[in-house]
Every structure is written in structure tokens, then in C-alpha cells.
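I have placed the structure first, in the form of C-alpha cells, so that the comments after it can refer back to it.
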């Protein structure tokens with residue numbers, strides 16, 4: 001390729017430079033989080049922590065609650081959202097792919113079209129509805145909302161996986177006398193790429209969600225990590241404990257980065273699947 | 001996959017399988033969609049009872065300069081980030097498109113920010129850009145780019161540029177992945193042929209490759225435009241109720257109207273208008289997609 005008539009050395013220099021530029025905010029956040037309280041307020045700041053300490057990770061306290069509480073809330077919301085999304089979307093995708101019923105085609109298209117309506121513009125009526133059934137200020141309410149808005153994409157991706165299974169597979173299974181439920185069970189390993197992609201995106205969406213949680217939850221002990229961060233900087237500005245904020249940011253970002261590193265292939269596949277529509 | 005509907009028993013199975021997802025979607029998508037429209041015709045306080053007021057919320061909205069400002073501001077923000085993310089994303093895609101030892105790791109570095117949330121990213125940058133204790137302030141001084149650390153929150157122009165930086169940092173990896181996929185979809189022969197013709201690289205890119213990857217381009221533009229038009233987190237966290245409310249986005253205005261001022265009816269009218277704007281933009285952009293049968297990557 002001529003565009004890259006850059007020599008090998010030049011290419012590596014430029015590309016590494018770019019990559020470092022992108023990663024550096026995360027890296028500096030991590031380094032800052034290891035500074036002692038005294039070093040964290042030093043002016044000008046130091047690049048590397050002089051005496052690395054984990055104290056910022058243990059000293060967070062909001063109304064007596066440590067970071068563990070908020071981490072647990074985030075885990076509950078993320079895992080439950082992933083489970084609900086994956087189970088409901090898999091069932092629906094199986095139904096759409098294998099058991100066409102009157103109007104199923106139209107329903108599927110309608111479901112995909114609903115992606116065009118962003119949840120932000122439905123937050124006000126959603127709040128009114130959930131309030132009516134006492135699901136505001138409840139983790140369950142947040143989970144249901146997050147799962148609902150993950151369903152179209154998840155169903156679409158998993159349905160694609162079902163469609164790619166050759167017809168012979170189903171015929172063989174039917175000849176063996178497998179019922180609808182049993183056939184779904186034996187097909188699951190074959191659709192697992194779609195299921196993992198759907199689950200991964202549901203995880204990122206739920207773990208990182210800020211707007212929905214900010215609106216639906218009002219008790220601090222129920223906050224997820226991203227919303228808990230607001231309580232660290234509101235209050236008297238200038239009184240921010242940067243070390244604790246950075247440590248909390250690291251804890252909030254780490255699961256996403258780990259998940260991405262482990263499931264990289266599925267992440268890129270998901271972005272591409274999103275384009276297929 | 002066009003298939004005749006099977007026997008009744010099969011149809012029933014299908015309906016049963018779809019039912020749970022459908023129920024949730026009806027309750028928490030279709031119902032709020034309808035209720036939102038109805039609420040916009042009511043005086044609907046956060047607490048207490050509501051009453052029908054017809055179109056008066058919309059009439060009020062037409063004369064509401066702060067709401068108009070929010071919509072215009074959001075549009076301008078979007079107009080700034082879309083070309084930025086697209087052009088930088090294209091540059092990165094061109095740089096990192098080929099298989100080389102270690103390229104996967106370098107790509108992962110650019111994609112990493114995509115995976116963390118906008119809220120998390122905003123807090124991270126807030127800390128890094130703090131004029132006294134932020135590391136970037138010192139780095140810029142040490143690199144002799146500025147004489148003293150920049151106070152980003154000092155004025156709204158700088159605060160806005162900080163939001164733009166965070167947003168671009170978060171979205172670039174996504175644009176790179178999609179555009180790289182587009183570049184890979186350009187047939188090798190096309191590239192070979194243009195080489196034989198001795199066409200210049202930039203020309204080949206502009207007049208041959210880009211038109212062939214229209215699909216990727218349109219999807220990046222739609223995605224980034226939606227991200228821009230619906231942005232809230234970065235503004236709420238980084239600029240807040242900034243100097244003279246100049247950096248309030250549309251979603252921020254809705255949030256403020258509904259949940260701070262407690263006027264759900266008026267906020268619903270704003271939501272309906274925002275939905276109309278967002279849908280119009282999406283549909284217009286989708287119309288730019290290549291038709292079926294046209295070569296597209």
C-alpha cells in the first residue's frame with residue numbers, strides 16, 4: 001500500500017504515538033489513583049506517584065458506605081440486565097427465525113425500527129409509569145428499562161445467528177424427534193457468537209448508564225458507580241479529593257476494559273452487526 | 001427466509017417465544033411513547049394531579065428562547081463533532097488498516113476509550129485537566145505548548161472545547177473500526193487498477209474508495225450525529241449549569257425541566273420535538289445509504 005509509504009520504522013513511531021495518546025488518560029488516571037492524599041494535591045502535580053499506595057481505593061466513604069456497595073449495585077444491575085436481555089432476546093429470536101406466525105415479519109421489522117427512538121426522549125413518561133407502579137428508586141425498575149432498550153439490537157444479532165444455521169440441522173433434529181424446546185437447546189452452542197455479542201453490549205450499556213440511573217434512583221445507597229461519582233464532586237467545589245475520584249474512575253472503567261480485552265472479537269463483530277441494519 | 005406460516009401449533013409456539021420480549025417492549029417502549037405524546041398535551045407536575053391543556057405546552061415552547069438555544073447549541077455541537085470524528089477516524093483507519101505485527105494491540109489502544117462510559121470518561125478528564133492538580137496542565141507546560149496551565153472551566157469556550165475533546169476521544173475508536181471495515185470492503189482489483197493507472201493516492205481515496213464505502217461513512221455519520229444530539233453526561237459533569245447556561249443541551253434542558261423544575265408536561269412536549277428532530281435526521285441520513293444491489297462496503 002502506497003499511502004503507508006511511510007517506512008516501517010516511521011509507521012511504528014506514528015502508530016504507537018497515536019495509541020499512547022489514546023491510552024494516556026487512562027494510564028495517568030491509574031497513576032494518580034496511587035498517589036498519597038498529600039501528593040494528590042501537589043502543585044504542580046507529579047507524573048509518577050512517589051510512594052505508591054492503595055489508600056485511595058479503601059478510603060472512599062459516602063455516608064459511611066464504601067466503594068464495595070456501589071460496585072455491588074453496578075454488578076447487580078449489569079448482570080441482571082445482561083441476563084434479562086439475553087434470555088428474552090434469544091427466545092424471541094428463535095421464535096422469529098423458526099416459527100413464523102401471522103404478523104411476525106412485520107413485528108420483527110417494527111422491533112428493529114424502534115432502535116431509532118432513543119430512550120432519552122422517553123425518560124419523562126417512563127418515569128411517570130414506573131412511579132405509578134412503585135418501580136422508581138428501585139434497582140428492578142432500572143434493570144427493566146435498560147433491558148427493554150437492549151432488546152431490539154440483541155434480538156437482531158441473535159436472530160442473525162439463528163438464520164445462519166443450515167436447514168439440514170433442523171431437519172436432522174426434527175427427525176430425531178426433538179421438540180421445539182430441545183431443538184433450541186441443541187442450537188444454542190451454534191448461536192453463541194450472537195448471544196455473546198448481545199450480552200457484551202448489554203453489559204457495556206448497563207454498566208456505563210448514567211442518565212437513566214440518575215433519574216430513576218434517588219437513594220444514594222442504591223447508586224451505581226458512574227452516578228456515585230457525582231457525589232464525589234458535588235458539594236463544595238475545590239474540596240474534591242482527586243485521589244479518591246481517580247481510584248473510583250479506575251474501578252468503574254476496569255471491568256469494561258477487561259471485558260473488552262477478553263471478548264475483543266465479539267466487540268468488533270457487534271459494531272459491524274449494528275451496521276448491517 | 002421468507003417462509004409460509006407453519007401449522008397453527010407452530011405459530012402458537014412462535015408467539016409464545018416472542019411474548020416475553022414483546023410484553024416488556026409494549027410496557028416500557030410503546031406505552032411511554034404514547035403516554036409521552038399525551039403528557040405533552042397536559043399540565044403534568046412531578047407531584048399532584050394533571051390537567052389537559054391542549055397545545056399550550058407547544059405554544060409556550062415556540063416562544064421559549066432557552067429551549068430554542070438548547071436545540072441550536074446541540075445542533076452546533078453535533079456539527080462540530082461529526083466532521084472531526086469522521087476525518088480523524090478516517091485518518092486512523094488508513095493508518096491502521098493493514099495487518100502488521102502488533103497492529104492489533106495499537107488498534108486496541110484506540111478502541112479502549114469506546115468501552116468506558118461517557119460519565120466515567122468525563123470524570124477522568126475532569127481530574128486530568130484540573131488547572132492546579134491536573135497532569136495535562138503540567139504536561140502542556142513541560143512541552144512548552146502553554147506558559148501556565150489552562151483553566152478549562154474558566155470560560156464557556158474552553159469548557160466546550162474540553163467536552164469536544166472527551167467526546168472525540170470516546171468516539172474515534174468506533175469510527176476507526178467501521179471505516180476500516182469499509183476500506184477492507186473495497187475490492188483489491190480496484191486498488192490494483194488504480195495503481196497501474198498511476199493515479200495519486202489521495203485521488204484514489206477520494207474518487208474511488210470513499211464512494212465505494214458509502215455505507216460505512218453514512219453509518220459513522222448517523223451514529224456520531226445521534227451521540228451528539230442526545231449528549232447529556234459530558235455536559236452535566238464537565239460544564240454543569242455553566243456560565244449563563246450557554247452549554248445546556250436539548251436532553252439536559254428536558255432533564256432540568258422535568259426533574260429539577262418538576263414540569264413533566266412541558267418536558268414531554270420538548271421530548272416530542274426532540275424525537276421529531278432526531279427521527280428526521282436519521283431518516284435523511286439513511287436515505288443516503290446505497291440501494292440494494294449497488295456496490296457497498
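The values are calculated or read from the model by the stated rules, or taken from the named source; none is laboratory data. As the structure is a computational prediction, the values presented were derived from the model and not from experiment. Heads up, the Cβs are rebuilt from the backbone with ideal geometry, glycines too, and the neighbour counts pull from every protein chain shown.
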Residue under question is residue A:213, and the condition is that it be closer than 22 Å to residue B:33 by Cβ, assigned to a helix (DSSP H, G or I), at pLDDT 95 or above and at the interface with chain B (Cβ under 8 Å from one of its Cβ atoms); does it hold? no
Among (1) assigned to a helix (DSSP H, G or I); (2) at the interface with chain A (Cβ under 9 Å from one of its Cβ atoms); (3) surrounded by 15 or more Cβ atoms within 10 Å (Cβ to Cβ), which single condition is residue B:202 missing? (3)
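Residue-by-condition table, conditions (1) in contact with a helix residue (DSSP H, G or I) (Cβ under 6 Å, 6 or more places away or on another chain); (2) in a helix (DSSP H, G or I); (3) at the interface with chain B (Cβ under 7 Å from one of its Cβ atoms); (4) closer than 21 Å to residue A:63 by Cβ:
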site	(1), (2), (3), (4)
A:182	no, yes, no, no
A:189	no, yes, no, no
A:192	no, yes, no, no
A:221	no, yes, no, yes
A:229	yes, yes, yes, yes
A:260	yes, yes, yes, no
Would you be able to tell me the number of residues in segment B:7-22 that are within 12 Å of residue A:102 (Cβ to Cβ) and more than 7 Å from chain A (Cβ to nearest Cβ)? 2
Across (1) at pLDDT 95 or above; (2) over 17 Å from residue B:30 (Cβ atoms); (3) facing chain B (nearest Cβ under 8 Å); (4) surrounded by fewer than 24 Cβ atoms within 10 Å (Cβ to Cβ), residue A:127 clears everything bar (2)
Applying the selection to segment B:23-56, what residues are closer than 30 Å to residue A:90 by Cβ and within 7 Å of another protein chain (Cβ to nearest Cβ)? B:24, B:25, B:28, B:29, B:31, B:32, B:33, B:35, B:36
Report yes if residue A:38 is outside any loop (DSSP other than H, G, I, E, B), over 29 Å from residue B:111 (Cβ atoms) and free of Cβ contacts under 8 Å to residues at least 40 places away in the same chain, otherwise no. yes
Tell me which of these residue A:22 doesn't satisfy, since it passes every other one: (1) at the interface with chain B (Cβ under 9 Å from one of its Cβ atoms); (2) within 30 Å of residue B:209 (Cα to Cα); (3) out of contact with any helix residue (DSSP H, G or I) (no Cβ under 7 Å at 6 or more places or on another chain). (3)
Kindly state which helices (runs of 4 or more DSSP H) lie completely within segment B:29-130 and contain at least 3 residues that are out of contact with any strand residue (DSSP E or B) (no Cβ under 9 Å at 6 or more places or on another chain) and without any contact (Cβ under 8 Å) to a residue 24 or more places away in the chain. B:31-39, B:65-96, B:103-115, B:118-128
In this structure, is residue A:99 crowded, with 18+ Cβ neighbours inside 10 Å and within 23 Å of the chain's Cα centre (by Cα)? no
Every residue from segment B:143-180 that is farther than 26 Å from residue B:210 by Cβ, within 13 Å of chain A (Cβ to nearest Cβ), modelled with pLDDT of 85 or more and surrounded by 12 or more Cβ atoms within 10 Å (Cβ to Cβ): B:162, B:165, B:166
Within segment B:131-140, residues being surrounded by fewer than 19 Cβ atoms within 10 Å (Cβ to Cβ) and either within 7 Å of another protein chain (Cβ to nearest Cβ) or in a helix (DSSP H, G or I) (or both) number 4
Condition first: touching a strand residue (DSSP E or B) at 6+ places or on another chain (Cβ under 6 Å) and either more than 11 Å from every other protein chain (Cβ to nearest Cβ) or not in a helix (DSSP H, G or I) (or both). Now tell me which residues in segment B:230-271 satisfy that. B:262
Across (1) assigned to a helix (DSSP H, G or I); (2) surrounded by fewer than 21 Cβ atoms within 10 Å (Cβ to Cβ); (3) within 11 Å of another protein chain (Cβ to nearest Cβ), residue A:80 clears everything bar (3)
